[in-house]
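These notes concern the structure reproduced below.
The values are calculated or read from the model by the stated rules, or taken from the named source; none is laboratory data. Remember, predicted model here, so these are calculated numbers, not experimental data. Quick reminder, even Gly has a Cβ in these numbers, built from the backbone with ideal geometry, and neighbours come from all protein chains shown.
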Amino acid sequence: MKLSKHTILTKIYDSENYILVNYLSGSADLLDKNEANLLQNSITQKNWENYHLTPYLMERGYLFTSWEEEDSLIQSKYLEFLEENEKTATQLIFSTSYRCNFSCIYCFQKDYEQTIEKISKNVTDQFFSYINQKFSNEKAQTYITLFGGEPLLGSEEYKNSLLYFLGKATRYNYPIAIVTNGYELINYIPLLQNVGVKVKEIQVTVDGTEVTHNSRRPTKSKNETFARVMDGVDYALQSGYRINLRSVVDRSNIQELPHLAQYCNDRGFLDYPTNLFETTLGRNYELHTPQGTDQILNRYDMWLEFYNLAKKYPILKKYHKPSFHGMRFLSENDEMPLPIFDGCPACKKEWAFDANGDIFGCTASVGVQKYKLGNFLNNPEFTHKEQLAKWQERDVLTIEECKDCPVNLSCGGGCGVIAANQTGRIQSTDCRPVKELIGLGAAYYGIGG
């Protein structure tokens with residue numbers, strides 16, 4: 001008998017109990033301290049003949065009779081993953097400009113070349129001609145995400161170029177998502193309504209309550225932004241648009257989250273159903289431009305801080321529901337989520353383009369010249385086919401560091417761009433503290449409590 005390489009035993013945070021999970025077999029079980037110690041002894045000694053729960057562990061997929069048996073299940077589940085992945089919508093990110101009207105203290109794009117003033121009609125026409133040809137046979141409806149810089153800029157010339165783009169999206173029936181700082185949102189809502197474009201979601205970043213947000217995300221002329229952004233959010237919600245309210249957190253503002261949650265509750269945002277209002281938390285982290293700050297939180301510390309804040313301020317549990325690597329799914333569905341063989345959608349279910357006609361693999365790489373794959377205005381469009389192949393081949397079965405990692409079917413190898421920035425190789429891993437976050441998530445959702 002062989003212990004599955006995907007079997008994970010971890011202590012539930014702030015508890016004497018343990019949780020045993022396996023993302024391959026989809027099993028999860030609770031153990032008390034004594035049982036966990038017995039199991040750990042059997043794991044260490046590789047002795048299953050005398051362990052009283054061996055038949056149960058085999059039935060649940062924590063043990064296999066041979067490596068070949070587990071490998072067979074891996075291949076079967078991998079094919080299921082590919083099948084399900086094909087059914088998910090492909091996202092086409094379009095950076096309308098690398099310019100921005102904000103001067104955020106942690107800008108991720110401050111070193112980008114900011115020469116594009118607007119989207120030319122020619123580029124818009126060529127873009128839609130290109131995607132109509134390339135993505136017309138998708139199983140799920142492809143959608144376009146407007147990105148930047150800032151995609152909702154205020155000048156009339158820019159607005160007209162964007163409205164022409166949105167008119168094309170409407171004509172060809174592409175839903176639109178928008179990633180915006182929200183400053184001009186209140187002015188764009190009537191324009192979105194007039195053009196009749198289907199809006200999938202509007203993501204707006206708000207980093208805390210008024211004083212904190214204004215200090216972190218002022219305009220380039222140092223004007224305050226919080227009140228206007230929130231009025232835009234309110235207007236969008238009242239107009240029937242879905243809002244994803246995102247916060248970029250680090251040590252300097254994470255304590256603000258309960259107060260932001262209370263603000264949103266008082267304003268009625270939390271009364272909307274989840275199909276109209278949800279929240280996202282992202283770390284301030286070093287992607288391409290070094291942040292140079294000791295305020296950055298690692299993943300575990302960020303979620304531990306959130307956990308402690310939620311215990312003190314219950315409004316946070318209404319405001320945001322972290323995934324905690326499947327623990328939310330387990331608590332809501334009484335089963336584990338499907339295994340994730342690939343956590344990086346670049347050049348598979350996600351592509352990125354800009355107003356120069358350049359092609360990139362994803363949101364994290366758009367605008368970074370070393371990740372440029374080609375240009376859709378040219379023929380042939382791809383000039384870096386070797387790099388393209390590496391993105392498309394990247395998953396936990398091809399990344400050497402991932403192949404025997406017990407948590408690989410939860411993190412999926414992580415972000416390819418972060419991995420490549422750290423190691424110089426696309427085929428490397430962006431590791432996550434999965435075991436620790438499982439234990440924290442089980443405690444957060446009262447699993448085994």
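Results for (1) assigned by TED's automatic domain parsing to the domain that holds residue 438; (2) farther than 25 Å from residue 445 by Cα; (3) in a strand (DSSP E or B); (4) within 31 Å of the chain's Cα centre (by Cα), shown as yes or no for each residue.
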residue: 10; (1), (2), (3), (4): yes, no, yes, yes
residue: 13; (1), (2), (3), (4): yes, no, no, yes
residue: 30; (1), (2), (3), (4): yes, no, yes, yes
residue: 36; (1), (2), (3), (4): yes, no, no, no
residue: 39; (1), (2), (3), (4): yes, no, no, no
residue: 56; (1), (2), (3), (4): yes, yes, no, no
residue: 72; (1), (2), (3), (4): yes, yes, no, yes
residue: 76; (1), (2), (3), (4): yes, yes, no, yes
**Prompt:** List the pairs whose first member sits in region 262-287 and is assigned by TED's automatic domain parsing to the domain that holds residue 235, whose second member is among the small types (Gly, Ala, Ser) and buried (at least 16 other Cβ atoms within 10 Å of the Cβ), and whose Cβ atoms are under 8 Å apart, counting only residues at least 6 apart or on separate chains?
**Reply:** 270/261; 279/247; 280/247; 281/247; 282/247; 287/364
**Prompt:** Which one is surrounded by the most Cβ atoms within 10 Å (Cβ to Cβ), of the residues in region 88-102 that are of a type outside the set (Ser, Thr, Tyr) and within 18 Å of the chain's Cα centre (by Cα)?
**Reply:** 94
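Every residue, every condition in (1) assigned to a helix (DSSP H, G or I); (2) in contact with a His (Cβ under 9 Å, 6 or more places away or on another chain); (3) in the same structural domain as residue 160 (by TED's automatic domain parsing); (4) surrounded by fewer than 21 Cβ atoms within 10 Å (Cβ to Cβ), yes or no:
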residue: 192; (1), (2), (3), (4): yes, no, yes, no
residue: 197; (1), (2), (3), (4): no, no, yes, no
residue: 203; (1), (2), (3), (4): no, no, yes, yes
residue: 224; (1), (2), (3), (4): no, yes, yes, yes
residue: 228; (1), (2), (3), (4): yes, no, yes, yes
**Message:** Need pairs with beta-carbon distance below 8 Å; first residue surrounded by 23 or more Cβ atoms within 10 Å (Cβ to Cβ) and within region 353-382, second basic (Lys, Arg); sequence gap 6+ or separate chains.
**Reply:** 359/372; 360/372
**Asked** Among the residues of region 64-105 satisfying the criterion of being polar (S, T, N, Q) and closer than 22 Å to residue 131 by Cα, which is modelled with the lowest pLDDT?
**Response** 97
**Those helices (runs of 4 or more DSSP H) lying entirely in region 343-449 with at least 1 residues more than 30 Å from residue 132 (Cα to Cα)** = 408-411, 416-423, 434-444
**Request:** Only residues that are surrounded by 15 or more Cβ atoms within 10 Å (Cβ to Cβ), part of a helix (DSSP H, G or I) and among the charged types (D, E, K, R): list them for region 128-177, please.
**Result:** 134, 159, 168
**Asked** Looking at this structure, is residue 125 without any contact (Cβ under 8 Å) to a residue 40 or more places away in the chain and surrounded by fewer than 19 Cβ atoms within 10 Å (Cβ to Cβ)?
**Response** no
**Prompt:** When the residues of region 15-28 are filtered to those that are outside any loop (DSSP other than H, G, I, E, B) and of a type outside the set (Val, Ile, Thr), which remaining residue is nearest to residue 328 (Cα to Cα)?
**Reply:** 28
**Request:** Tell me which residues, restricted to region 53-68, are touching a residue at least 12 places away in the same chain (Cβ under 8 Å) and surrounded by fewer than 14 Cβ atoms within 10 Å (Cβ to Cβ).
**Result:** 65, 66, 67
